[in-house]
Amino acid sequence: MGGNPRKMLSAGSLRASIRGDGLIMENEITFKDELAPGVKLIKVRAPLIAKKARSGQFVILRASEDGERIPLTLIDWDPKEGTITLVFREVGASTKELGRLEVGDAIHDLVGPLGRPGEVAFYGRACVIGGGVAIAAAYERAKSLKEAGNSLTAIIGARTAGQLIFKDQLRKVVDRLYTTTDDGSEGVKGSPSDLLRSLLESGERFDLVFAVGPEALMKSVSEATRPYNIKTIVSLNSLMVDGTGMCGCCRVTVGGRTMFTCVDGPEFDAHLVDFDELMARLRMYEEEERLALKVVGRRCRG
Amino acid sequence: MQRLDVRLRQVRMPELPVEERLRTFDEVALGYSEEQALAEAARCLQCARPLCVEMCPLHVDIPGFIKLIRLGDYVEAAEKVLQKNCMPAVCGRVCPQEALCAFGCKNTIGDPVNIGALERFVADYELEAEAVIPESAPSTGRSVAVVGSGPAGLSVAAELVKMGHHVVVFEALHEPGGVLTYGIPEFRLPKRVVRREIDLIKKLGVEVKTNVIVGRTLTIDDLFDQGFNAVFIGTGAGLPKLLGIPGENLCGVYTLNEFLLRVNLMKAGLFPYKSKTPIKVQGRVAILGARGMDAARAALRLGAEEVCMFYQRKVVGRVDDIRRGIEEGVRLQPLTRPLRLIGDERRWVKLVELIKLKPGAPVKMGKQKLIPEQGSEFLYSAETVVVATGHTPNTIAAANTMRNIKIAERSKTIIVNQETLEAADGIFAGGDVVSGAASVIKAIEAGKRAARSINAYITKR
């Protein structure tokens, strides 16, 4: 209201950035990079989220007015600059739509930070495992765990050498870095969980294993550490709608109890997670995803 | 003025034919025409001591606005309603009038006056004409943050801004309106009606910020640091309740909230062209719980072959909407309780196992217990299941604050002073987050009451 004598510092004035032309832009993309074919990194102006973000939290965004609400893990945040960094792979209609936004464009809706912050503490010897696009999230956790004084091993895996993102950055943070690829084009041929298993078999011990990536990977990491009783944390990426505990779309059974990934997670004790249920629920809309992709594809060509 | 009409029956509200309803999400009740409104208005006895006004939680001057309809002063009639109710087009559609104003109607020899339909008529007339120009009061220099843009939040905001305070409403979702937007389907409450009513409140000077979760993006402490003099929490009862039976996490099983969020907020009915959010409705649909009528009717529109509601005692909803649901083909199975959900090898739900209930021994006080009938277990095959047992309050706003907001152990409601609705120093709360899941109009009433105490609180300092 114009008549207000007190200059209010409302959320709007904090969230908005003033562009050169004087227009107010919320959620503006300030930087964009392609890390690997189909894998994109964006920096987004979101001062409130940048100020509150903690390791392991995520945001929910909609790229356009008719877009889906999709959750993405926070990879980096800069409270001073007022930006957050997100990394995503263009797999479905919604991520493709997001990938088409360029620097200067605004994300239609962006909300966060969501989820409980991850447990970052001194454990001693920690191992961080990331698969595919989630290597980005593994890198973020590696940085936090390093700051907490842990001695760090990282195992990252992807389909092929070109998809091994954040390799150089990780090398600077961790004490030892292992890479694996499905096709053997770089590092050990196989999956990070195979490599972890052989490390454990050769007598290596960790006080904490943190894994993030495809559910199959997190499940096999969990199975690898279970016999050794190693504390193992996974970051789940269940399907979500609101992300604030309203819908229960993201429910998952942990230790026999139903939990909501969005508010009780996204990080859980891997040895308690019912991965088979999680994987089934993630496949719920496979048909619809294919259909949406077709529609988007048609629109692009048209 | 027109002659009093002695007709016993209400003027019937025109409705979409059943076949047409199931092909669209368009509003079913079409509203009175001018002639129909005049005919219905003529049935009001204009009581000297109107019980309808007493029964209305907002005490809208019902005989007063009906009299103005008879005079043909529809805009003035709308203004009369707006004096007490900031959302008449919404309330005219979703209020359970049969239990409130119309229940108090003294036209006892015939049907009660269809007050809701008349309220809707004047509100729609006014919104169409955009005739009411909101007055703004001189600024007091005080400001209030409202958390949640549902009925309670919008009501407190509208009242406070009229008193000259600066009001910012924070909404967690990407659209304002709370339950009006995500909970009530288009065929009962068109979103354009909600939007226009919110626009009117915005025109009063209320600022609405979407995509801000108080408790996460900003804490209540941040709001006070930013200079707000008081905070109102109206975050509703939007958290789902689960049944706690085996198989509840199978694929194809939705909570009522997820189902309605996908349909109403995300427009899943338009997938894949005008919405990117899918919903799976196929074959037979089982709705488990008495609160699922909206979901049941939506499922029929999304192509379900059959929809059956299983519940214990009584379907929750307005009489008209339950009737319409039954007309559309929703089947009702009272006196049943689900025992478990059974899935296939792909973990998709296939069967619901239920048991029949019978009334237990009569009791002097309270509800007669329902007890399972031994050996009456039966199976219902369903490919989509909606769990619609109830909701619990959403108190995320009370997270990460140093201020002492007390939350009741069992009901999860915010504990307030019942008179002032104050929860802690400078923090007020009202609506479903305080009462547990109730009604739109009660939330609006709580908002008005909170506005009075907030005004007293911030002006005395």
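The values are calculated or read from the model by the stated rules, or taken from the named source; none is laboratory data. The structure displayed is predicted, hence computed values, not measured ones. Note: ideal-geometry Cβ built from the backbone for every residue, glycine included; neighbour counts use all protein chains shown.
Here are a few things to note about the model shown:
- Only listed residue being within 14 Å of chain B (Cβ to nearest Cβ) and of a type in the set (Ser, Thr, Tyr), chosen from A:Ser198, A:Ser202, A:Ser238: A:Ser238
- Any chance B:Glu377 is surrounded by fewer than 15 Cβ atoms within 10 Å (Cβ to Cβ), under 20 Å from B:Pro338 (Cα atoms) and of a type in the set (Asp, Glu): yes
- Taken as a whole, the structure places B:Leu154 among residues that are part of a helix (DSSP H, G or I), away from every other protein chain (no Cβ under 14 Å) and at pLDDT 95 or above.
- Residues (more than 10 Å from every other protein chain (Cβ to nearest Cβ), without any contact (Cβ under 8 Å) to a residue 40 or more places away in the chain and closer than 23 Å to A:Cys262 by Cβ) located in region B:172-222: B:Pro176, B:Gly177
- Taken over region B:263-289, residues that are closer than 20 Å to B:Val179 by Cβ and of a type in the set (Lys, Arg) amount to 1.
- Only one of B:Val161, B:Val81 that is touching a Ser or Thr at 6+ places or on another chain (Cβ under 8 Å) and either hydrophobic (A, V, I, L, M, F, W, C) or assigned by TED's automatic domain parsing to the domain that holds B:Val212 (or both): B:Val161
- In region A:226-249, residue modelled with the lowest pLDDT [restricted to those that are buried (at least 23 other Cβ atoms within 10 Å of the Cβ) and among the hydroxyl-bearing types (Ser, Thr, Tyr)]: A:Thr244
- Residues of region B:266-279 classified as at the interface with another protein chain (Cβ under 8 Å from one of its Cβ atoms) and hydrophobic (A, V, I, L, M, F, W, C), total: 3
- Contacts under 9 angstrom Cβ, first residue in region B:246-258 being more than 9 Å from chain A (Cβ to nearest Cβ), partner among the basic types (Lys, Arg), 6 or more apart: B:Pro246/B:Arg340; B:Gly247/B:Arg340; B:Leu256/B:Lys241; B:Leu256/B:Arg291
- Residue in region A:273-282 that is within 14 Å of another protein chain (Cβ to nearest Cβ), modelled with pLDDT under 95, under 18 Å from the mean Cα position of the chain (by Cα) and not in a helix (DSSP H, G or I) present: no
Yes/no per residue for (1) surrounded by fewer than 24 Cβ atoms within 10 Å (Cβ to Cβ); (2) modelled with pLDDT of 95 or more; (3) in contact with a helix residue (DSSP H, G or I) (Cβ under 7 Å, 6 or more places away or on another chain):
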position: B:Asp199; (1), (2), (3): yes, no, no
position: B:Thr219; (1), (2), (3): yes, no, no
position: B:Val253; (1), (2), (3): no, yes, no
position: B:Leu256; (1), (2), (3): no, yes, yes
position: B:Pro272; (1), (2), (3): yes, no, yes
position: B:Lys276; (1), (2), (3): no, no, yes
position: B:Gln282; (1), (2), (3): yes, no, no
position: B:Ala298; (1), (2), (3): no, yes, yes
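- Qualifying helices (runs of 4 or more DSSP H) (wholly inside region B:1-75; at least 1 residues being within 14 Å of B:Phe121 (Cβ to Cβ) and among the charged types (D, E, K, R)): B:34-41, B:62-70
- Candidates A:Leu110, A:Leu41: the one that is within 21 Å of B:His174 (Cα to Cα) and outside any helix (DSSP H, G or I) is A:Leu110.
- Within the set A:Gly118, A:Gly184, the sole residue that is without any contact (Cβ under 8 Å) to a residue 24 or more places away in the chain and outside any helix (DSSP H, G or I) turns out to be A:Gly184.
Table: residues versus (1) within 22 Å of the chain's Cα centre (by Cα); (2) at the interface with chain A (Cβ under 8 Å from one of its Cβ atoms); (3) among the aromatic types (Phe, Trp, Tyr).
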position: B:Val281; (1), (2), (3): no, no, no
position: B:Val285; (1), (2), (3): no, no, no
position: B:Ala290; (1), (2), (3): yes, no, no
position: B:Gly343; (1), (2), (3): no, no, no
position: B:Arg346; (1), (2), (3): no, yes, no
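- When region B:385-413 is filtered for residues that are outside any loop (DSSP other than H, G, I, E, B) and touching a residue at least 40 places away in the same chain (Cβ under 8 Å), the ones remaining, listed by number, are B:Val385, B:Val386, B:Val387, B:His391, B:Thr392, B:Ile396, B:Ala397, B:Ala398.
- Matching option when the condition is touching a strand residue (DSSP E or B) at 6+ places or on another chain (Cβ under 8 Å) and either touching a residue at least 24 places away in the same chain (Cβ under 8 Å) or of a type outside the set (Val, Ile, Thr) (or both), among B:Ser149, B:Ser136: B:Ser149
- Top-ranked residue in region A:40-63 [being surrounded by 22 or more Cβ atoms within 10 Å (Cβ to Cβ) and closer than 17 Å to A:Ser94 by Cβ; ranked as nearest to the other protein chains (Cβ to nearest Cβ)]: A:Arg62
- Members of region A:250-259 found to be surrounded by 24 or more Cβ atoms within 10 Å (Cβ to Cβ) and more than 9 Å from every other protein chain (Cβ to nearest Cβ), listed by number: A:Cys250
- Looking at B:Arg262, B:Arg192, just one residue is in contact with a helix residue (DSSP H, G or I) (Cβ under 6 Å, 6 or more places away or on another chain) and either at pLDDT 95 or above or not in a loop (DSSP other than H, G, I, E, B) (or both), and that residue is B:Arg262.
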